Each structure stands twice: as structure tokens, then as C-alpha cells.
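The block underneath contains the structure these notes are about, expressed in C-alpha cells.
The values are calculated or read from the model by the stated rules, or taken from the named source; none is laboratory data. This structure is a prediction, so every number in the text was calculated from the model and none was measured. Virtual Cβ from ideal backbone geometry, glycine too; neighbours counted across all protein chains shown.
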Amino acid sequence: METSLPVIQERPRRPPWMKVRAPSQDTRYGEVRQLVREQKLVTVCEEARCPNIGECWGRGTATFQILGDTCTRACRYCYVHSGKPDDPPDPLEPLRLAQAAAQMGLGHVVVTSVDRDDLPDRGAAHFAATTRALKAKLPDCSVELLTPDFLGVEEEALRVVLDSRPDVFNHNIETVRRLHRRMRGAKASYDKALWLLRRAKEVAGYPVLTKSGIIVGLGETNDEVVETMRDLRGHGVDVVTIGQYLQPSRQHAPIDRWVHPDEFRWLREQGEALGFGSVFAGPLVRSSYRAEEQRHAAESGAGAVAY
Ligand code: SF4
């Protein structure tokens, strides 16, 4: 009987520009880790296995993930645990988060969440409570919310969230139109993501910055990335981030290509030409990477920044 060898799919080796430094002892990494544990908080830095954790935590920053550690979606590129969440929102989480942010001395706080399609308001009230707790504890601090799509209750959820007056409303479109359903599943929609970003500005009643992120290396072309940037600008988005996809496990979508730093430079130029207030594009750029700088760049008109 003829037997065939199993096909072993090798993950492509990381090119030199994707190398990251390990956390070093003489930074604030240990302090941030301890605060996160003490306040029983979840960070997307750890949950998504972000490659920048050494750098960001070393600088004393982190991105908080509210509403638990279990996501009701299962996007093909995301490492966050998916399943059926056990617990309702923890009413004390906003206060603990604000306490941690104060102890860290943050001037800009990024808050994101898992998708909570099991909650009637999809977690909108918890986002608003978190913004209010942060603004009460740190009146000079700016708050950036990176939200899910609030499936089915979009308009009401936007009103609740923006009533708490976050400084930046961030919703990641993640990938180009052609790959959107394949990567994000049937519940997500490219057009709905665009609508949410445009509608956020309309319902805010104050000059909120809007922001979105694109992952590259999932099978898109650079022209499709430019098309997505054009769609985002067409919906009034101020800040865009573009970064390389990293396959979190063999069960996730494979890496299609390593995007060269020169391509990121080209994408940045295209974004700048489209009129974004800030374009952060680079192999290790993530939506929350140096978020305070992204905000300042947009507000000061600095434009594109290379990383
Ligand atoms: S880029 Fe964002 S998610 Fe990654 S470590 Fe930095 S703050 Fe955390």
C-alpha cells in the first residue's frame, strides 16, 4: 500500500525588519505588569500576543481590554480567545482601570474590548462608564475607544458611547473589501464599518477624531489597501494605521506575504495624499501603537509617520 507523507506547512521565516527586542529589566515593563495584575485588568497587548509589548510596557503604556477575555466572534487573524462569555460586565472594572491609568501616569488611554454580541447593548454602556471613570480620575487625560461594531444596535450604541465624550473613536476596518467576509465572518461588514466611522462624527456633537486600522499580509494587494484608505477618507476618517499581519497559530489564516518597509513607505505616501491627518504605517504598527503620538500628529497636522 502506498503511503504519502503528511504535508508540513512551514510558517514563513520572519524577515529582519520584523525582529523585536525582548523586554529589558531597566524599563517600566515590570511595573505595568504588576499594576495590570493587581487591578485584575485584561490587556490586548497580552491577549493578542502583540509583538510590541516589550517596547510599549517598557515605556509605561498598555491598551486595556474591557468586557472580559472571551470574544463572541472568531476572526481568522485574531488570537483573542473566542467562545461564549460567562460573565456580565464587571461594574467595578471602569474604576480599577482608571486607578491603574492614574498610577501609570498616562496622558492618553486606549480602551478596547472583545465583541459581546451576547449583551443587549453589545457593551456600549460599559465603554461609556469607562470613559467617564477615566475623565473623572484623570481630567487632563485623552481617551481613545477602539470599539466593536455593535451588531444590530449600532445607532443606539454610538449615541451611548459618544455621550461619554471620548477624544478618539476608533473602529478597525481590518482588511480590504474583497477579503472582509472571509477573514471576519458573515456578521461583520466592510460597509457597516465605514458607516459606523462616518456616523460617529455625525452623532458626536463635538470634534471627535476618528481612526481605523488595516492589517496587511492577508492576501490583499497594495492597490486594494489604497482603495480601503480612500473609502475611509471618504467617510471622514482622520487617522489610519497599517501594519503587518502575524499568524498567531497554525489554526489562523496564513501569512500571505511580508510587506517590505519600502511598500509601507509607499502606502504612507498614498495615505498622506488622500488627506489623512495622520498615517502610521510600518511592519510593527498596530492600532494602538504609540496612540498618543498618532493623536498629536493628527491634531498638529504632522501627517505621515514612519515606524
Ligand atoms: S501596540 Fe498596542 S496592543 Fe501592542 S503592546 Fe503596544 S499598546 Fe499593547
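Just a few scattered comments:
- Candidate set: the range 168-186, residues that are out of contact with any helix residue (DSSP H, G or I) (no Cβ under 7 Å at 6 or more places or on another chain) and in a loop (DSSP other than H, G, I, E, B); chosen: the one surrounded by the fewest Cβ atoms within 10 Å (Cβ to Cβ): Ala186
- The lone criterion from (1) among the aromatic types (Phe, Trp, Tyr); (2) over 24 Å from Ala124 (Cβ atoms); (3) not in a helix (DSSP H, G or I) left unmet by Trp57 is number (3).
- Unmet criterion (only one of (1) more than 16 Å from the ligand (Cβ to nearest atom); (2) of a type in the set (D, E, K, R); (3) assigned to a helix (DSSP H, G or I); (4) surrounded by fewer than 21 Cβ atoms within 10 Å (Cβ to Cβ)) for Glu292: (1)
- Test: Arg159 is part of a helix (DSSP H, G or I) and modelled with pLDDT of 95 or more: yes
- Residue that is nearest to Leu92 (Cα to Cα), among those in the range 27-45 that are touching a strand residue (DSSP E or B) at 6+ places or on another chain (Cβ under 9 Å) and more than 8 Å from the ligand (Cβ to nearest atom): Leu41
- Asp149 vs. criteria assigned to a loop (DSSP other than H, G, I, E, B), in contact (Cβ under 8 Å) with a residue 40 or more places away in the chain and more than 18 Å from the chain's Cα centre (by Cα): no
- Any hit, the range 62-69, residues being away from the ligand (no atom under 13 Å from the Cβ) and farther than 23 Å from Ile214 by Cα: yes
- Residue within the range 39-48 that is on the phi > 0 side of the Ramachandran plot and of a type outside the set (A, V, I, L, M) present: yes
- Screening Ser24 against (1) at pLDDT below 95; (2) among the hydroxyl-bearing types (Ser, Thr, Tyr); (3) within 14 Å of the ligand (Cβ to nearest atom) leaves a single unmet condition, (3).
- For the range 280-289, the candidate set comprises residues that are in a loop (DSSP other than H, G, I, E, B) and within 11 Å of the ligand (Cβ to nearest atom); within that set, the residue that is surrounded by the fewest Cβ atoms within 10 Å (Cβ to Cβ) is Leu284.
- Near pairs, Cβ below 8 angstrom, 6+ apart or cross-chain, from the range 96-114 (at positive phi) to any residue that is outside any helix (DSSP H, G or I) and within 14 Å of the ligand (Cβ to nearest atom): Gly105/Gly60
- Candidates in the range 48-60 are the residues that are of a type outside the set (A, V, I, L, M) and touching a residue at least 60 places away in the same chain (Cβ under 8 Å); of these, the one that is farthest from the ligand (Cβ to nearest atom) is Arg49.
- Any hit, the range 74-94, residues being in contact (Cβ under 8 Å) with a residue 60 or more places away in the chain, assigned to a loop (DSSP other than H, G, I, E, B) and either within 24 Å of Pro139 (Cα to Cα) or more than 16 Å from the ligand (Cβ to nearest atom) (or both): yes
Here is a yes/no grid of residues against (1) modelled with pLDDT of 95 or more; (2) farther than 17 Å from Arg178 by Cβ; (3) surrounded by fewer than 17 Cβ atoms within 10 Å (Cβ to Cβ):
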| site | (1), (2), (3) |
| --- | --- |
| Thr221 | yes, no, yes |
| Gly236 | yes, yes, yes |
| Val239 | yes, yes, no |
| Gln247 | no, yes, no |
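- Which listed residue is in a loop (DSSP other than H, G, I, E, B) and either more than 16 Å from the ligand (Cβ to nearest atom) or within 18 Å of Leu146 (Cα to Cα) (or both), from Glu220, Glu263, Glu269, Glu202: Glu220
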